[in-house]
Amino acid sequence: MAIDGRELLETVALQLVKALRLYRFQSIIGTVHPFSDYFRGFEKVEAVRRIFGEKTEQVLRDLKVEFLWIGGYMGVNSGNGHLMVNPKYLNKGDKTDIYLDVIHELVHVRQFMEGKELFDSHYSYTERPTEVEAYRHAVEEARRLSLSDERICEYLKTEWMSGKELEQLASTMNVDRKQIQESGFTE
Ligand SMILES: [Zn+2]
């Protein structure tokens, strides 16, 4: 069973709650699979085509995904460029967040292919150029989907980010920071 990018996009656009039909993840933990076995139709998503251009089909065909229980959500393995995904997040996470995270992580996949240092520790998380670029793509797509600034702030917020860092990231992304204060995100 796969996650269909276009289906997810529709889900997001129509604000429908649709269960991702994932199962048998136990048997695939720690194993490497083609991205396209589990994420379908992303090569048709404009936001993804903006990342890889004409190479989109080829990159997604070659991309591998690793399923891991460790790590909260999604990431890119800086050693081999594989997408790393926690299946629990795919099963339980917010569908809009998952969709935007795929966009974000695919930017890191391209950066890896370009030989960029994904986790340059000279920068804080929210100032790291590779993160700023990945967030730009995700936020641009969020805006195209007409998500509110409040909802985008909610998306940007993660438990490893301080209130100050969230404000900084929101500011860099031109997301209304007043929404952060009103939502109590600075706590
Ligand atoms: Zn990132």
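Rule-based calculations on the coordinates, nothing more; no lab input. Just so it is clear, the model here is predicted, and its values are computed rather than measured. Quick reminder, even Gly has a Cβ in these numbers, built from the backbone with ideal geometry, and neighbours come from all protein chains shown.
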Taking the Cβ of residue 53 as the center, what net charge do the other residues with Cβ under 12 Å away carry, scoring Lys and Arg +1 and Asp and Glu -1?
0
Which order, highest average first, do 135-146, 53-64 follow once you tally other Cβ atoms within 10 Å for each residue and take the mean per peptide?
135-146, 53-64
Once you have the Cα-Cα distance between residue 62 and residue 49, take 0.36 nm times their residue separation minus that, and quote the gain in nm to one decimal.
3.2 nm
Apply the Karplus curve 6.51 cos²θ - 1.76 cosθ + 1.60, θ = phi - 60°, to the phi angles in region 79-92 and return the couplings in whole Hz, x for Gly and Pro.
x, 10, x, 6, 6, 10, 9, 8, x, 4, 5, 5, 6, 10
Would you mind putting 114-121, 151-158 in packing order, based on average other-beta-carbon counts within 10 Å, highest first?
151-158, 114-121
The answer for residue 84, listing residues at least 5 apart or on another chain whose modeled amide H is closer than 5 Å to its amide H, is 66, 75, 76, 77
